[in-house]
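Down below is the structure, laid out as structure tokens.
The values are calculated or read from the model by the stated rules, or taken from the named source; none is laboratory data. Being a predicted model, the structure only gives us computed values, none of them experimental. Cβ coordinates were reconstructed from backbone atoms using ideal geometry, including for glycine residues, and neighbour counts include every protein chain displayed.
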Amino acid sequence: MSLLPKYRFKSRLFWALRIIAIIVIISFVVLPIFWVAATALKQKIEMFKLPPQWFFKPTLINFIYVFKTMPVIRWTMNSSLISVGTLVLSLLLGVPAGYAFSRVKFKGKHILLMFILLTRALPPVVIMLPFRVFMQALGLFGTRTAVILLDTVYNAAFTAWLMSGIFESIPVDLEEAAIIDGCLPIGAFFRIALPLSMPGLVTCALFAFIFSWNDFLFALTLTSPPTATLPLGMLSTYGMLSVGWTYMAAMGLVAIVPVILLSMLLQKYYVSGLTFGGVK
């Protein structure tokens, strides 16, 4: 009986430490976003006050300025087209490749998958200059297509690697049963394998979209002023003598919103399991 109070104390202490750790992690992640939002809603003079003002009268003057003086809509449209194009092309190439790797048995498969994944580990600077020369030869330099193709090189490799593991976790018996019932192999892929791999598809889609949306180096190298993206547009806040921090924060907040909305829209697929889908 004497051990019970001691056990309760340790349990409460562990619970308190866990709550503190969660609060610290959430604060570490949320604080930069809060700081950007607060800076975007402040007057210029308020941003340089020390100590920083946590309570202030918010204003939309920074958003009004950037939308009136800069082509933010065009930059956002370019970023959206490039990100969606990269997402679609990465899934079209990576998902069938991952399915083939999971169903076809041959020697050296895992080594080949490793080499495919290593393309993701390549520093962007390594392939940037050769790809620029290649795009100039094709007449695609300065277009959104050039950025989509280069972003797809990185994202399709990751998609193929991730989806191969997900498809391997799906029982082949489900597809064989569908084929016995009269379904073609391609039909079994679309009706059985793809629905059960939805969490993986969503993960790959988010990775492709976020990677392309946040891309700066490839867009800087391959685009022209009419096809510039939102990260490049943020450079316009730099002046000859000063930096428009409040304007940059306003544009940064505009860049954050689409990613957050997409993540919230696809969040329901995160909790769906492959085993549960297989049983159903």
Going through the range 68-81 in order, the residues found to be under 19 Å from the mean Cα position of the chain (by Cα) and either of a type in the set (A, V, I, L, M) or within 15 Å of Ala160 (Cβ to Cβ) (or both) are Met77, Leu81
With the condition kept exactly as written, say whether any residue in the range 176-194 is closer than 18 Å to Ala146 by Cα and either in contact (Cβ under 8 Å) with a residue 60 or more places away in the chain or in contact with a strand residue (DSSP E or B) (Cβ under 8 Å, 6 or more places away or on another chain) (or both).
no
Considering only the range 174-236, give the helices (runs of 4 or more DSSP H) lying wholly within it that have at least 2 residues that are among the β-branched types (Val, Ile, Thr) and out of contact with any Cys (no Cβ under 9 Å at 6 or more places or on another chain).
198-213
Could you check the range 16-28 and list, in sequence order, the residues that are of a type in the set (A, V, I, L, M, F, W, C) and at pLDDT 85 or above?
Leu17, Ile19, Ile20, Ala21, Ile22, Ile23, Val24, Ile25, Ile26, Phe28
Is it true that Leu117 is surrounded by fewer than 16 Cβ atoms within 10 Å (Cβ to Cβ), in contact (Cβ under 8 Å) with a residue 24 or more places away in the chain and farther than 26 Å from Ser80 by Cβ?
yes
Considering each residue of the range 31-80, count those that are in a loop (DSSP other than H, G, I, E, B) and either modelled with pLDDT of 90 or more or not charged (D, E, K, R) (or both), and give that number.
15
Which one of these is under 25 Å from the mean Cα position of the chain (by Cα), in the same structural domain as Met248 (by TED's automatic domain parsing) and in contact (Cβ under 8 Å) with a residue 12 or more places away in the chain: Val84, Val36, Val88?
Val84
In the range 101-111, which residue that is surrounded by 13 or more Cβ atoms within 10 Å (Cβ to Cβ) and of a type outside the set (Ser, Thr, Tyr) is farthest from Phe190 (Cα to Cα)?
Lys109
Out of all the residues in the range 183-201, is one or more under 22 Å from Leu81 (Cβ atoms) and either surrounded by fewer than 16 Cβ atoms within 10 Å (Cβ to Cβ) or assigned by TED's automatic domain parsing to the domain that holds Leu230 (or both)?
yes
Can you pull out the residues in the range 5-61 that are in contact with a Leu (Cβ under 7 Å, 6 or more places away or on another chain) and of a type outside the set (Gly, Ala, Ser)?
Val36, Pro58, Thr59
Only one of (1) without any contact (Cβ under 8 Å) to a residue 12 or more places away in the chain; (2) surrounded by fewer than 16 Cβ atoms within 10 Å (Cβ to Cβ) fails for Glu46. Which number is that?
(2)
Of the residues in the range 158-182, those that are surrounded by 16 or more Cβ atoms within 10 Å (Cβ to Cβ) and in contact with a Phe, Trp or Tyr (Cβ under 9 Å, 6 or more places away or on another chain) number 9
When you scan the range 212-235, do you find a residue that is surrounded by fewer than 20 Cβ atoms within 10 Å (Cβ to Cβ) and under 25 Å from Val95 (Cβ atoms), even just one?
yes
Say we look at the range 18-42 and pick out the residues that are touching a Phe, Trp or Tyr at 6+ places or on another chain (Cβ under 9 Å) and of a type outside the set (Gly, Ala, Ser); which of these is surrounded by the most Cβ atoms within 10 Å (Cβ to Cβ)?
Lys42
Checking the structure you have, find out if any residue of the range 111-124 is assigned by TED's automatic domain parsing to the domain that holds Leu194, charged (D, E, K, R) and modelled with pLDDT under 85.
yes
Condition broken by Leu140, with the remaining ones in (1) assigned by TED's automatic domain parsing to the domain that holds Ala208; (2) assigned to a helix (DSSP H, G or I); (3) among the aliphatic types (A, V, I, L, M) satisfied:
(2)
